[in-house]
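Quick notes on the structure that follows.
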Amino acid sequence: MKQFGKILKFELNGYLTNKIFVGITIFLVVAIAIVMFIPNIIGLFESDDDGNIAPADLPTMLVYAEDEKLSAIVKQYFEGVFVDYNVKEADGSIDDLKEMITSGDADCAFVMNGEASYTYYVNNLSMYDSNTAIADTVLQEVYRWKQMVDNDIPSETASEILSVQIESSTEILGKDQMQNFFYTYIMIFALYMVILLYGQMVATNVATEKSSRAMELLVTSANPTSMMFGKVLASCIAGFSQLVLVFGTAILLYNVNKEALSNPLIASIFDIPIELFIYLIVFFVLGFLIYAFMFGAIGSTASKLEDINTSVMPIMFLFIIAFMVVMFSMSSGSVDNTAMLICSYIPFTSPMAMFTRICMSTVAWYEIAISIAILIGSTVGIGILSARIYRVGVLLYGMPPKLSTIIKTVFKKQ
Amino acid sequence: MVLELKSIDKSFGEKEVLKGVSFTAEGGKAFGLLGRNGAGKTTCIRILMNVFPANSGEVLIDGAPIDYSKIGIGYLPEERGLYPKKLIIDQLVYFAELKGMSRKDATCSVDYWLDRLGMSEYRNKRLDTLSKGNQQKIQLITALAHDPDIVILDEPFSGLDPVNAMLLKDVVKEQIAKGKIVLFSSHQMSYIEEFCDSIAIINAGKVAISGDLYEIKRNYVRDKLVVSTVAPERIKADLGEACSEREDGSLLIHLTRPDEKQAIMKRLVESYDIDEIKVFEPSLNDIFVEYAGEQV
């Protein structure tokens, strides 16, 4: 136990004095600070012109109809909805109009073939061009209104009928996926990044000790279980404090700068209920540990640093598959599908799967309890197993041993 | 204090590495553990240090099973290596702490040893900025800083210049004088002969010979004569295959039976012009080659 404390302190110190680690942390904190102040920075440049641009600077939209009355009505309505355009009535032939668009004098044109039919001319059709959709709605309304007036309905009544508003309200009894989506997404992504990054670090750390032969002395000085747990917990503390710093900065600056960040999307990210936050920490720590132990064990079987990349591949695949299942389920909106149900009990996938389900669906307390219990049990089991692999692995040099050899050696009675 | 390894067996998978290895090392004396590459010396040392257990056999201190929480062991591994990117003082204190010292005592002791080995100026430098010999001295401190009862030195002199070798000899003598058990493993026989009172030669996992070095030499079969003469050709021609020339020009005469020694010596002195004649005393090198060289 005493040794464990010393190892933990030494390893932790290793992270805190590592210039790259400190540099990345500072970079992330500064980056997040900049992101949090982007609305203020944009506001700084925009404050002069109040967001109004002179009509002459707006792109030109042409409206053309044989019937001059129709042309005037359409122009009037379009001016109301296309505020980003300078809407003009066109004169001349359709060929002149096309010429104006191709030469860039006008941006687009609506040529009315009748009251309910038009051709839209545009040079390059943008992926996000919604002009025809807007025009459809407006023209539909104009057409209906005109028809009603023509059929002797008073124009006020016609306007009232057309502008009727449906009042609605939604009461969420379970979870609001829309609201929870973004912070769940961010948390799953953070978990993914941190586990991969720190897992690699643990594996590299062990393999470096082995390749520098510091291991020869370490195995004779400390017991392998203390070594393994010390290393993994140190990386966990380092990773966690890095996250706390980054997210802490984000939360702090959000509260300082709440007014400028009034966007409901951003607000939803920071509005995590406290019980979800606790689940987040539980799943995060356990998920981190279970993978870090595996990475550590694998690091101990590699005799050269170059071997690590191939050795960690199976774990990486396992982890990426878990990540993919969760991400696809999240974006499809069905987080309670069979794959997710299974994944929320498998210890290697449950940190992500179960957490997502808790955030975005309604999960019974006993399901959560079972999942966490399995995860804790497996983490301890994997921890002990990895310490044994470590004990065997650190003294093997040469070719990375076969999995079967390791298993045989580990389970052979000591 | 007496350290005793008793019929140690160890196999890795199918491969039997140690087959009933036993030897005894006493406090206040240096013990040489010899053997060819791959003979099982390092495995022996690792079992002694409890890195892994033996399949059977015991490690005893004064007749009782060794208690690793009480007996401190210092180890200079043959494969040297510490943390290249870390400060020297940090890692030395860390290793001493792992061996059970408090931070304060560890720092104190490490500073003493840095000073003793003339390395104080490197205290706050990174290990990889040092030369190989100096790194070796730093490594030696990890073996000695926690004042262990048993000191195991594997090839301690390799890579050291003559001045540093002298310094290390003094340190080793000092440790022996303090009554510690000093276990040497080396292929440089001259150092073993200089320090060690007793030895064990391991060959293919078995102890080929062990015991007091002087006794081993005395008991060596006295069936060879070393002859210095001005006319070696005549003797060689007369004795044929029983006679061979040594590197220094003297002749080595193999006797068919040790008890004909007197008769042969007399005959040689009477028949030839002899400068010097003596019974062949083997060096440790000869003993090593004889016991470790064959049966492989």
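The values are calculated or read from the model by the stated rules, or taken from the named source; none is laboratory data. Remember, it's a predicted structure, so these values are computed and weren't measured experimentally. Here Cβ is always computed from backbone atoms with ideal geometry, including for glycine, and neighbour counts include all displayed protein chains.
Assorted remarks:
Here is a yes/no grid of residues against (1) more than 17 Å from A:Val142 (Cβ to Cβ); (2) assigned to a helix (DSSP H, G or I); (3) not charged (D, E, K, R):
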{"residue": "A:Ile7", "(1), (2), (3)": "yes, yes, yes"}
{"residue": "A:Glu11", "(1), (2), (3)": "yes, yes, no"}
{"residue": "A:Ile32", "(1), (2), (3)": "yes, yes, yes"}
{"residue": "A:Tyr64", "(1), (2), (3)": "no, no, yes"}
{"residue": "A:Tyr77", "(1), (2), (3)": "no, yes, yes"}
{"residue": "A:Met112", "(1), (2), (3)": "no, no, yes"}
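- Number of positions in segment A:257-302 that are part of a loop (DSSP other than H, G, I, E, B) and surrounded by fewer than 19 Cβ atoms within 10 Å (Cβ to Cβ): 9
- Any hit, segment B:116-136, residues being touching a Leu at 6+ places or on another chain (Cβ under 7 Å), buried (at least 17 other Cβ atoms within 10 Å of the Cβ) and closer than 22 Å to B:Gly27 by Cβ: no
- Screening segment A:337-414 for helices (runs of 4 or more DSSP H) wholly inside it with 3 or more residues that are under 34 Å from the mean Cα position of the chain (by Cα) and modelled with pLDDT of 85 or more returns the ranges A:338-343, A:350-360, A:365-393.
- The residues of segment B:12-36 that are away from chain A (no Cβ under 14 Å) and within 30 Å of A:Phe411 (Cα to Cα), listed by number, are B:Glu16, B:Leu18, B:Lys19, B:Gly20, B:Val21, B:Ser22.
- For segment B:247-282, the set of residues classified as within 30 Å of B:Gly211 (Cα to Cα), in contact (Cβ under 8 Å) with a residue 12 or more places away in the chain and surrounded by fewer than 13 Cβ atoms within 10 Å (Cβ to Cβ) consists of B:Thr256, B:Arg257, B:Pro258, B:Lys278, B:Glu281, listed by residue number.
- The conditions of being more than 27 Å from B:Lys70 (Cβ to Cβ) and within 13 Å of chain A (Cβ to nearest Cβ) are met by B:Asp128.
- Cβ-Cβ distances below 6 Å connect the following pairs, each with a first residue in segment B:92-103 that is within 16 Å of A:Leu8 (Cβ to Cβ), a second residue that is of a type in the set (Gly, Ala, Ser) and in a loop (DSSP other than H, G, I, E, B), and a separation of six or more residues or different chains: B:Leu98/A:Ala222.
- Of the residues contained in segment B:26-39, one or more are found to be surrounded by fewer than 16 Cβ atoms within 10 Å (Cβ to Cβ) and touching a helix residue (DSSP H, G or I) at 6+ places or on another chain (Cβ under 7 Å).
- Test: B:Ile45 is within 14 Å of another protein chain (Cβ to nearest Cβ), part of a helix (DSSP H, G or I) and touching a residue at least 60 places away in the same chain (Cβ under 8 Å): yes
- Scope segment B:78-94; condition crowded, with 19+ Cβ neighbours inside 10 Å and at the interface with chain A (Cβ under 7 Å from one of its Cβ atoms); matching residues: B:Arg80, B:Gly81, B:Leu82, B:Tyr83, B:Tyr94
- Annotation: of all residues in segment B:56-67 being assigned to a loop (DSSP other than H, G, I, E, B) and loosely packed, with under 13 Cβ neighbours inside 10 Å, the one that is nearest to the other protein chains (Cβ to nearest Cβ) is B:Asp67.
- B:Met101 meets the conditions (1) surrounded by fewer than 19 Cβ atoms within 10 Å (Cβ to Cβ); (2) of a type outside the set (Lys, Arg); (3) within 11 Å of chain A (Cβ to nearest Cβ); (4) not in a helix (DSSP H, G or I) in every case but one. The failed one is (1).
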